[in-house]
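Here's the structure, in structure tokens; my notes come after.
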Amino acid sequence: MAITGWFVALLALGAVPTIAIGQPLALVAWVVLVLLLAGLDLVLAGSARAVRIQRILPQRVRLGETVRSELLVTNLGRRAIHGLVRDAWQPSAGASTTRHPLSIPAGERRSFSTSLTPFRRGERRSANVTIRTFGPLHLAARQASIVAPGAIRVLPPFNSRKHLPSRLAQLRELDGRTSVMIRGQGTEFDSLREYVRGDDVRSIDWRASARRTDPVQGGPSLVVRTWRPERDRRVVIVIDSGRTSAARIDREPRIDTAYESALLLAALASRAGDHVDLVIFDRRVRGRVQGATGADLMSRLVDTMSPIEPELIEMDWSAVPGLVRSITSQHALVVLATSIDSPGSARGLLAALPQLTRKHTVVVSSVTDPTVLQATRERADRTQVYRAAAAERAMLDIARVSTAIRQLGADVVTGAPADLPPALADRYIALKASGRL
């Protein structure tokens, strides 16, 4: 049961003549009358529980996109119901309007639509639907919360997919599908074609040239070999979900930037014919994707990433080499998405790198804070000078850790949240071009 503002106003209205008359019994009689009217109003109100709730929801939505949630309410009672219906979504679901006016005759059904624009990844839920029905006098209302669970999975936005077409064009050049032919150590022979001015003379196939005759001049015709990058390589992406991945850089958690980088790299590598495996790890495996290819790979990646949030614990780097060995025993490109902000926090990473670089090509990917670089340039007053000194120290720490990583045989890719995904994709293409993968 719930009372309305009309009930309160009616009680207050009776207090004025009662005070003027000076009879306390008149006030008691007025309160009893108002209570009887509210009781009658409550009896005449339609039942808030004699309803059936159904939901129509999309299963998945990308972060920042808008979808519509349909709520179907069927009146199973013998009276019409008039009032309000409230769909109790979590605040992070970004519901535009959760309360809707309700007017359903007996035996009929109405639809209520709510726009959802989630601003957090993961499962966004609505557990209950609350219905409040008023009587004809609008003094009191029946109210009931009905269990009607609904959930929508919010996926990573994959904003970096805008970089995919340009990187795929570079891959096609490497693959020999355009007039540009790339030769590199560790590449596979693709086909033969006629020599044109500007080709590398080291690519001339002299035996094939001796067997081929120029139809115009009648002499031998020079042909060159074309090459393409090796296929069926392994790419293993390990994302650090420990405490350092919870830090927000440029209004985005580190782990979200790691997801963006992993999605772009996975899309690129799968188009290049390589096999991509993903592990999200801190002290236990939080998510794993293995053996998926094509469209199924991207679908499984975003489904695995979406509910995982950072844990406020230290990353166990000593378990990572064994984890990679459990995925593949062949040479692979191992991408470690983590933080290299300070030598102290990177000590475990540096200890584990020699075991990985001994057999694999290793790339350490880390997001950097653009505000730190900006702080080094602002020295107008004493406060800014101290801030600039702290920023310079932070950048020196990153440089020291990066140097140590390179000395151990791994590559380092750093960048702001918007720049890191394409930078990692460029490093993958460069490894392909040089024959290191």
Helix-only CD estimate at 222 nm, as mean residue ellipticity for the chain, using -39500 (n - 2.57) per DSSP H run (n ≥ 4): -11000 deg cm²/dmol
5 angstrom amide H check on A148, placed H, neighbours 5+ away: N128, V129
Estimated FRET transfer efficiency (Q407, E378; beta-carbon r; R0 22 Å; 0.05): 0.10
Simple label model, 7 Å out from Cα along Cβ direction - R60 to R197, nm: 5.3
Region 1-155, Cα convex hull volume normalised per residue, Å³: 106
Check: the chain dipole with +1 on Lys, Arg Cβ and -1 on Asp, Glu Cβ, in debye: 660
Volume per residue that the Cα convex hull of region 357-437 spans, once the total is divided by residue count, Å³: 84
Cα-based shape type of region 349-403, given that a ≥ b ≥ c are square roots of the gyration tensor eigenvalues and the cut on a/c is 1.5: prolate
Residues with amide H under 5 Å from that of Y195, placed H, sequence gap 5 or more: L222, V223, V224
Region 324-337 - phi-based ³J(HN,Hα) in whole Hz, Karplus 6.51/-1.76/1.60, Gly and Pro as x: 5, 5, 6, 8, 8, 9, 8, 5, 8, 8, 9, 9, 10, 8
P(r), alpha carbons of the chain - 10 Å bins starting at zero, rounded %: 4, 16, 18, 16, 13, 11, 9, 6, 3, 2, 1, 0, 0
Charge dipole (region 299-437, unit charges on Cβ, about Cα centre) - positive-most of L353, A389, A423: L353
Karplus (6.51, -1.76, 1.60) ³J(HN,Hα), θ = phi - 60°, over region 60-76, in Hz, Gly and Pro reported as x: 9, 8, 7, 4, x, 7, 10, 10, 10, 9, 9, 10, 9, 10, 10, 7, 8
Candidates per trypsin sites (Lys or Arg not before Pro) in region 234-304, loop by DSSP, up to 12 other Cβ within 10 Å: R251, R284
For region 43-169, share of DSSP beta bridges that run antiparallel, in % to the nearest 5: 95
Dipole of the chain [Lys/Arg +1, Asp/Glu -1 at C-beta], most positive-end residue of V224, L174, G64: G64
Dipole of the chain, positive direction: furthest Cα of T414, V364, P165, with charges on the beta-carbon: P165
For region 367-379, 3J(HN,Hα) per residue [Karplus equation, 6.51 cos²θ - 1.76 cosθ + 1.60, θ = phi - 60°, Hz, x = Gly/Pro]: 8, 10, 8, x, 5, 5, 5, 5, 5, 5, 9, 9, 9
Size-normalised alpha-carbon gyration radius of region 1-61, reference 2.2 N^0.38 Å: 1.89
FRET efficiency, 1/(1 + (r/R0)^6) with R0 45 Å, evaluated for I21 and R125 via beta carbons: 0.20
DSSP-defined antiparallel bridges as percent of all bridges, the chain, nearest 5: 70
Region 122-153 and region 225-300: distance between their alpha carbon centers, rounded to Å: 41
Mean Cβ neighbour count within 10 Å, used as a protection proxy, ranking 120-131, 158-169 highest first: 120-131, 158-169
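Laboratory data are not the source of any read-out in this text; all were calculated from the coordinates shown. Because the structure is a prediction, the values reported are computed rather than measured. Don't worry about glycine lacking a Cβ; one is built from the backbone with ideal geometry, like all the others, and counts go over all protein chains shown.
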